[in-house]
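Working notes, structure below.
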Amino acid sequence: CQTLAENALMGTTDFISCTDVVTLFGLFQRLVARTPDATAYEQYHPVEKRWVGYTWRGVENQVARWQHALAKEGLAPQDRIALWLPNSVEWVLLDQAALSLQLVVVPLYAGDNPDSIAHVLQDSGSRLLFVSKARQWRELSKHHALFPQLRRVLCLDKGAASAGAGDFEHVADWLPARVERME
C-alpha cells in the first residue's frame, strides 16, 4: 500500500492506494481482484518434499472457509483469538479471515514456553486458541484456570490425539469443506 508520492519516486503508476483499500483485508481483496491466478504464497510441504504454490483466488477460497468457521463461533468484533502457530499459509488464512470479521489476532511466538503463553492468554482475554500441535495444548492446559474466557482450542495437526482440558478440536473437523466467498 503506497502513497502517490512514493510511487512518483519509484517511477510507477501501478499502485494500490491506502485510501482505496482502508484495511488489510481490503488490500487482500484488491490483490485477489487484480491477479487472481498469480502465485500469492509458496510453502514447503515436508511430506511431499516439494514447494506448493497458492494462487490469490485459491487463498481467497480458503480464507472464506476460515471466515465461515470463525463466524459460527459467535464472536463479536474486537474479540480476540490467539495464534500459537509457526509462519505458514494457514497463519495467513486465519489472520485474513479474522481481520475480515473485525476480530483481534493475538500472535504468540511459536517457540515460546507454556508459562509465557498462559500469561498472554490470561491478559489478552482470547476466546479461541489455535495451536499447530496437540502437545502445545497438553503442556499449556495445566494453566487453563488462568484463562477461563478461552472457549475452544483448535489444532492444525490432523493426526493429533485429543489433548488436555477444555474444548479441543481439530481444525480439519471444524472447517467447512467448501463455502461461498464472504464479503
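The values are calculated or read from the model by the stated rules, or taken from the named source; none is laboratory data. As the structure is a prediction and not an experimental result, all values here were calculated from the model. Reconstructed Cβ throughout: ideal geometry from the backbone, glycine too, with neighbour counts over all protein chains shown.
Listed by position, the helices (runs of 4 or more DSSP H) enclosed by region 10-98 that each have at least 1 residues that are of a type in the set (D, E) are 18-21, 56-71. With the condition kept exactly as written, say whether any residue in region 157-164 is of a type in the set (S, T, N, Q) and either in contact with a Phe, Trp or Tyr (Cβ under 9 Å, 6 or more places away or on another chain) or buried (at least 20 other Cβ atoms within 10 Å of the Cβ) (or both). Yes. Here E48 clears all of (1) over 10 Å from the mean Cα position of the chain (by Cα); (2) at pLDDT 95 or above except the condition numbered (2).
Could you pull out the residue among Q122, Q96 that is at pLDDT 95 or above, surrounded by fewer than 19 Cβ atoms within 10 Å (Cβ to Cβ) and among the polar types (S, T, N, Q)? Walk me through how you get there before you give the answer.
Values: Q96 fails: surrounded by fewer than 19 Cβ atoms within 10 Å (Cβ to Cβ).
Answer to the check: Q122.
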